[in-house]
């Protein structure tokens with residue numbers, strides 16, 4: 001997904017607004033459910049992150065997404081081959 005943020009073929013909405021929303025949520029002093037609650041406090045952070053990633057995947061055209069996934073798999077394969 002990181003590569004999709006830098007790809008100029010993707011709309012500005014997906015490249016700027018979604019990452020800015022994630023950053024704003026991460027640094028916001030207001031948390032809907034405080035993290036001091038044992039499990040539920042961190043669960044809302046995970047849900048917001050999952051929704052933002054899902055929305056980004058929805059906005060990226062499928063052909064570009066598959067291209068980036070193939071490139072990532074190829075690079076990962078090269079790294080794994082070097083570690084052997």
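The values are calculated or read from the model by the stated rules, or taken from the named source; none is laboratory data. For clarity, every value in this text was computed on a predicted model and none was experimentally measured. Here the Cβ positions follow ideal geometry from the backbone for every residue, glycine too, while neighbour counts run over all protein chains shown.
Count of region 1-36 residues, restricted to those that are in a helix (DSSP H, G or I) and modelled with pLDDT of 75 or more, is 17.
The residues of region 39-84 that are modelled with pLDDT of 80 or more, surrounded by fewer than 13 Cβ atoms within 10 Å (Cβ to Cβ) and outside any helix (DSSP H, G or I) amount to a single one, 39. When residues in region 1-34 are screened for being touching a helix residue (DSSP H, G or I) at 6+ places or on another chain (Cβ under 9 Å), over 30 Å from residue 62 (Cα atoms) and surrounded by fewer than 12 Cβ atoms within 10 Å (Cβ to Cβ), 2 of them pass.
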